[in-house]
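Shown next, in structure tokens, is the structure this report addresses.
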Amino acid sequence: MNQSRQAGPELQHKPRIIWLDIIRGIALIAMAIYHFTWDLEFFGYIKAGTIFQPEWKYFARSIASTFIVLVGIGLVLAHSGGFRHRPFLIRLAKVTVAAAAISVISWYLMPGGFIFFGILHSIALGSVFALLFLRLHWVFIAVAAAFFIIGSYYLRSEMFNAPIWYWLGLGEFLPSSFDYEPIFPWFGAMLIGMVMARLAQQHGGFTWLSGFNPTNIYARVLAFLGRLLYGSVFVVVLMTGGPDRTASFISTCETNCAQSRDKAFCQKFCVCATDELKAQNLWDGIQNRSIDIATDKRVQAITRMCTVRNSNE
């Protein structure tokens, strides 16, 4: 008997769609650029508040959306011939371990905004939820995607403010975290990826794409550049000690203060606050964000003291 003819669907060769690898590489480069800019701001090389500008926010969201959409596409491709539980569980375990590691490391380094439900957490949980949609018609998947995206605006409630519900993303305020992609609306992006993959399968889109087969060196180069760029600022800081962030901190302080007080007061207040933070050995904690300015009682006491002192002058 010719065993090669009896092989199951899992052993049949499927042409790799290199363009998906290239898109992943481009998304990785974009992510590295964003984090590179975040590092520049964090270490004081560029103006504080840069990454909170609208264009940078949209840039970050587009990067996260690309990664999550690609996960949805990958799920459909991987299980189009039937659910392959072993590869799925292995991949899920890897993503879950990586997500847990990110949480632990960020909690240790930046407890004021540690990552408890970032993009890896969203991908891990979303991948499990996505199993419920693998065999549905693409129309029903599209309706579900709209529900999670639109619901993120209209289903918010005070009952979801408790930390136990943070993973949903339906609270009335955003929790403090350096990376936060809750199920609403980000699972909707994964479902969009599944819809795109299902339509591409039905209309020969993947067959057409697989005909364009640039060498995989492009994807490898993109990934290598992403790894090279990522974290390079940290190396510079280790070598140079980083710039003095006093001027940047005062500038940001004055900008925030000017929303409610006059310029003369804000200048004096911010200098006072900076001096007191340094005198009370709180400066480093503020800069590495291990101290939350909004809730720390020592910082609040300095704020009150500098307010009273400069209001009477």
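All of the numbers you see were taken from the coordinates with simple rules; none came from a lab. Note that the structure is a prediction, hence the values are computed from the model and not measured. Note that we place each Cβ from the backbone using ideal geometry, even for glycine, and neighbour counts take in every protein chain shown.
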May I ask you to order 271-279, 67-75, 151-159 by the average number of other C-beta atoms within 10 Å around their residues, highest value first? 67-75, 271-279, 151-159
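Would you mind calculating the gained length between ALA279 and ALA100 on full extension (0.36 nm times residue separation, minus the Cα-Cα distance), in nm to one decimal? Present the calculation step by step, with values, prior to reporting the outcome.
Numbers: separation 179, 0.36 × 179 = 64.44 nm, distance 3.65 nm.
That works out to 60.8 nm of additional length.
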For TRP107 and TYR153, extending 7 Å from Cα along the Cα-Cβ vector and measuring point to point gives, in nm, a value of 3.5 nm
If we sort 135-148, 52-65 on the protection proxy, mean other Cβ atoms within 10 Å, highest first, what's the order? 135-148, 52-65
On a straight-distance basis, which lysines could pair with LYS278 in a cross-link, Cα separation under 18 angstrom, same-chain partners fewer than 8 positions away excluded? LYS268, LYS297
PHE83 versus SER260, label points 7 Å from Cα toward the beta carbon: distance in nm? 5.3 nm
What spacing in nm lies between the two simple spin-label points modelled at LEU134 and ALA247, each 7 Å away from Cα in the Cβ direction? 5.7 nm
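Rank by packing, highest mean first: peptides 24-35, 95-106, with packing defined as the count of other Cβ atoms within 10 Å averaged across residues. List each step's numbers first, then the result.
Working: 24-35: 18.7, 95-106: 15.5.
For the peptides 24-35, 95-106, the packing ranking is 24-35, 95-106.
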Zone reached by a paramagnetic label modelled 7 Å from HIS203 Cα along Cα→Cβ, restricted to segment 128-142 with backbone N below 18 Å, covers 137-142
